[in-house]
Amino acid sequence: MNPEERIVALLDLFERRYGRFVWWDAPTDEVIIGAVLTQQTRWENVERALDNLRKEGICSPEGIAAAEIAAIEDHIRSTGFYRVKTRRLKAICRKVQDAGGVGALAEMPTADLRAMLLGVNGVGEETADSILCYGFGRASFVIDAYTRRICGCMGISGSYRELKELFERVLSGDAAAHARAHGWIVEYAKEFCGKKRCEECRIRILQGSA
DNA sequence: TGCCAGGGATTAG
DNA sequence: CTAATCCATGGC
């Protein structure tokens, strides 16, 4: 099987296993903030921080932009790296505001919006794609550590761009399919890519030969 | 107890 | 372009 065929087989396996569920369904405001908070951090710890921000009514670009540094640091401490993340939140929220708010961003072409997000200090490719895919419903595939791990098990490796383009070729512009596929990868990886369960993982059989 | 989590920036080779 | 290091809390 060639790489494209392996991805198709992988996604078929996932759909049969998990069905179609929405992995991350949150308002655009929260996706922008959550995407930064989840960098190198377990989601459960991010949820606590988001709860804190919601209670304070500052879980939005406007809220973060107006809030005190020390207050934000305190609310997001559970996510680790709280000082850099506060700086990053301030940076991206300021940028969103300057651009006219999320409503204005929603009107932008995907490529332009992606370039804009990447221009923010603290927003790399994965964070930008998460925001595009889950916050703005764009067909922009997210490559994370899990995706790399699973691709590696199928004998597929490559740069961020190469892997992203591989998935996007297979998913052909279907934004909802992009969101589902990445969600499946994370669920599967959490279930099987811990040390022990690796033997139970069925992905290796997708390598095929030749 | 030590290791690692849904990264990114910076610096060095 | 790859590798190492820093950022830091929380859970198993």
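Considering (1) within 19 Å of the chain's Cα centre (by Cα); (2) within 14 Å of DNA strand C (Cβ to nearest atom), the lone condition that A:ARG87 does not fulfil carries the number (1). Scan segment A:101-141 for residues that are within 16 Å of DNA strand C (Cβ to nearest atom) and under 17 Å from A:LEU163 (Cα atoms) and the total you get is 4. Here the helices (runs of 4 or more DSSP H) wholly within segment A:1-116 that include at least 2 residues being at pLDDT below 95 and more than 15 Å from DNA strand B (Cβ to nearest atom) are A:3-18. Based on this model, can you work out whether A:ARG16 counts as more than 24 Å from A:LEU113 (Cα to Cα) and either outside the structural domain of A:ARG77 (by TED's automatic domain parsing) or within 16 Å of DNA strand C (Cβ to nearest atom) (or both)? Against the criterion (more than 24 Å from A:LEU113 (Cα to Cα) and either outside the structural domain of A:ARG77 (by TED's automatic domain parsing) or within 16 Å of DNA strand C (Cβ to nearest atom) (or both)), A:ARG16 qualifies.
Restricting the first member to segment A:68-83 and to residues that are more than 13 Å from A:LEU53 (Cα to Cα), and the second to residues that are among the hydrophobic types (A, V, I, L, M, F, W, C), the beta-carbon pairs closer than 7 Å and six or more apart or on different chains are A:TYR82/A:ILE76.
A single member of A:ARG149, A:ARG161, A:ARG169 is more than 16 Å from DNA strand C (Cβ to nearest atom), in a helix (DSSP H, G or I) and out of contact with any Ser or Thr (no Cβ under 9 Å at 6 or more places or on another chain), and it is A:ARG169. Can you pull out the residues in segment A:169-189 that are surrounded by fewer than 15 Cβ atoms within 10 Å (Cβ to Cβ) and within 20 Å of A:MET1 (Cα to Cα)? Result: A:ARG169, A:SER172.
The values are calculated or read from the model by the stated rules, or taken from the named source; none is laboratory data. It should be emphasised that the depicted structure is a prediction, and the values quoted were computed from it without experimental measurement. Positions of Cβ are generated from backbone atoms using ideal geometry, with glycine treated the same way; all protein chains shown enter the neighbour counts.
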